[in-house]
1. Within region B:230-243, does at least one residue satisfy the condition of being assigned to a loop (DSSP other than H, G, I, E, B) and over 17 Å from the mean Cα position of the chain (by Cα)?
2. Restricting to region A:120-162, count the residues that are β-branched (V, I, T) and within 14 Å of chain B (Cβ to nearest Cβ).
3. Out of all the residues in region B:65-99, which are among the β-branched types (V, I, T), modelled with pLDDT under 95 and within 28 Å of B:I206 (Cβ to Cβ)?
4. Would you check which residues across region A:81-101 are in contact with a Phe, Trp or Tyr (Cβ under 9 Å, 6 or more places away or on another chain) and of a type outside the set (V, I, T) and list them?
5. Can you tell me which residues in region B:161-212 are within 14 Å of another protein chain (Cβ to nearest Cβ) and either of a type in the set (D, E, K, R) or outside any helix (DSSP H, G or I) (or both)?
6. Quick one: count up the residues across region B:34-64 that are part of a loop (DSSP other than H, G, I, E, B), on the phi < 0 side of the Ramachandran plot and not aromatic (F, W, Y).
7. Given A:P158, A:P166, which one is of a type outside the set (G, A, S), in contact with a helix residue (DSSP H, G or I) (Cβ under 7 Å, 6 or more places away or on another chain) and either on the phi > 0 side of the Ramachandran plot or crowded, with 16+ Cβ neighbours inside 10 Å (or both)?
8. If a residue must be under 23 Å from the mean Cα position of the chain (by Cα) and closer than 27 Å to B:L241 by Cβ, how many such residues does region B:108-154 contain?
Amino acid sequence: MMGAPLLEVRNLESFYGPIMAIRGVSLSVEEGQIVTVLGANGAGKSTLLKTISGIMDPEKGSVSFDGAEIQGEEPHRIVSRGIVHVPEGREVFPLLSVDENLSLGAYTRKDRSAIERDREMVFEYFPILAERRHQEAGTLSGGQQQMLAIGRGLMLRPRIMLLDEPSLGLSPLLVQEIFAILGRLNREEGVTMMLVEQNARIALELAHVGYVMEIGRIVMNGDADRLMQSEDIKAFYLGQQEAGQRSEKRWKRKKTWR
Amino acid sequence: MDGVQLLVSGLANGCVYGLIALGFVLIYKATEAVNFAQGDFMMLGAFVTLGLTNAEYLHLPFWIAAPLAILIMAFFGYLLDLLILRHLFGQSQTAVVILTIALGFVIRFVAGVIWGHEPQTLESPLAFGDVSLGGVVLGMADVAVIVVTVLLTWSLYQFFQRTKLGLAMQAASQNQMAAYFMGIPVKRVQGLIWGLSGATAAVAGILFASKGAIDPNAGLLGIKAFAAAVIGGFGSLPGALAGGLIVGVIEPFAARYLAAGYSQIAPYALLLAVLVFRPHGLFSQVRTKKV
């Protein structure tokens with residue numbers, strides 16, 4: 001982990017309609033890392049990802065990827081740089097088969113034989129997709145659709161994967177399973193990830209570095225292990241009661257960053 | 001025997017409706033707007049072919065004029081999207097609908113100015129004589145229409161299933177946001193779909209003009225094609241074609257066996273029945289999103 005970070009966001013400001021959803025966010029992701037951005041509903045996490053992947057244009061600030069400034073570029077240009085966005089809520093192509101969904105993940109690639117190898121790799125990590133490869137994606141269960149969305153993202157052979165709440169609406173068991181696979185993908189295939197989550201515990205267990213976002217700002221950041229030990233994170237994101245001698249009530253506590 | 005003849009001429013009419021309905025559905029699936037000028041696209045395609053091939057105009061051989069007209073109409077559709085419709089991106093669907101209705105008026109007017117308002121006949125080699133099959137006399141034009149429609153449908157199907165662009169078009173129409181995330185240039189793909197629907201309309205126009213005279217108001221039969229698209233299910237390509245065939249077949253039989261006043265409303269009566277009993281159409285592809 002040397003040299004310039006793979007992805008660097010500087011003082012990004014972005015509007016969601018009339019609302020300023022991101023108010024000056026800076027963060028960086030090193031190659032090979034998993035970086036997680038935690039935050040509640042409406043903190044601006046999804047807007048941050050959409051601004052990076054070019055679906056939304058920033059008002060101010062810069063996004064640089066691999067040394068080049070990419071903010072405001074057309075989404076398909078950004079995808080062909082190797083940035084893939086796995087959207088929230090498992091946005092698959094419902095009437096296309098699993099196989100066709102995967103092929104579309106490699107839409108910007110031309111190297112056919114390598115694409116087929118990557119398809120096999122996706123099937124290795126998600127065997128259920130191999131079983132269902134000719135089935136329409138809309139008929140898969142929620143968890144399988146999430147796996148398909150991740151697999152489809154992998155088909156780009158991305159340099160970085162932006163994951164928007166992969167745990168959303170899944171059973172705890174499935175969340176465990178999917179996060180275990182994400183961890184393996186990072187270790188075995190070296191996939192760099194930026195992971196946006198509300199489920200702080202599982203995200204911090206997986207990630208190397210974490211950022212905490214509240215109403216459009218980064219309020220805290222650091223190594224995932226350190227964040228996990230932080231009293232604020234424990235109280236507000238992990239929901240642990242401290243057994244302190246004064247045993248303050250949770251609602252009495254003030255966040256130290258306010 | 002009589003029945004077979006009615007059926008074939010009904011099917012031939014139905015193919016034309018079906019091809020126009022196909023255009024409706026292509027645009028609707030891609031952009032979620034209805035192109036009410038689709039019938040006028042068909043009329044324009046017919047007149048462009050006529051202008052290229054008839055003796056009093058350019059007098060090109062038909063087999064050059066027809067592909068050329070299809071290309072011109074494809075280009076017309078693409079340009080229309082590029083120059084006008086793309087700028088309505090983000091506006092309400094109503095804006096697009098009103099715009100296409102107005103566009104229909106403009107196309108009708110312009111065609112009238114260029115080619116006159118009198119009915120004219122396309123000098124088409126598809127339109128010669130009758131064929132007789134085992135005692136049944138069929139119009140050559142009707143047979144040609146059916147054959148061409150089957151071929152076109154088959155190639156469209158192959159295009160959507162087998163090519164990367166076809167797959168991307170399906171993807172962009174099923175989930176636009178996700179298509180962006182895959183790196184599909186969605187706006188350009190939508191422009192190409194407008195081009196494709198222009199080309200389909202041109203084929204429909206050539207076939208329609210091979211069956212009889214055309215005038216600038218011929219595009220109004222787009223309304224029947226619209227009914228066909230709704231009957232078939234507005235999101236389904238095979239449904240559009242089937243809806244066209246159903247409407248086409250009902251017409252001659254209703255004209256034959258029902259009293260004069262009722263036959264004309266038969267397709268719309270069916271439309272109402274479908275809307276009441278199967279509101280998504282007969283062949284709809286509806287898949288609700290899992291949460």
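The values are calculated or read from the model by the stated rules, or taken from the named source; none is laboratory data. This is a predicted model, so every value here is computed, not measured. Cβ placement follows ideal geometry from the backbone for every residue including glycine, while neighbour counts extend to all protein chains displayed.
1. Step one: filter region B:230-243 for residues assigned to a loop (DSSP other than H, G, I, E, B), giving B:233-236.
From what's left, over 17 Å from the mean Cα position of the chain (by Cα): none.
Scanning region B:230-243 turns up no residue that is assigned to a loop (DSSP other than H, G, I, E, B) and over 17 Å from the mean Cα position of the chain (by Cα).
2. Initial filter on region A:120-162 (β-branched (V, I, T)): A:122, A:128, A:139, A:150, A:160.
From what's left, within 14 Å of chain B (Cβ to nearest Cβ): A:139, A:150, A:160.
Number satisfying all stated conditions: 3.
3. Filtering region B:65-99 for residues among the β-branched types (V, I, T) gives B:70, B:72, B:84, B:94, B:96-98.
Narrowing the set further to residues that are modelled with pLDDT under 95 leaves B:84, B:94, B:96-98.
Within region B:65-99, B:I84, B:V96, B:V97 meet the criteria.
4. A:R81, A:G82, A:H85, A:P87, A:E91, A:E100, A:N101, listed by residue number.
5. Scanning region B:161-212 gives B:R162, B:T163, B:K164, B:N175, B:M182, B:G183, B:I184, B:P185, B:K187, B:R188.
6. Applying the first criterion (part of a loop (DSSP other than H, G, I, E, B)) to region B:34-64 yields B:34-37, B:54-61.
Subset that is on the phi < 0 side of the Ramachandran plot: B:34-37, B:54-58, B:60-61.
Checking the rest, the ones that are also not aromatic (F, W, Y) come to B:34-35, B:37, B:54-56, B:58, B:60-61.
Final tally of qualifying residues: 9.
7. The conditions single out A:P166.
8. 24
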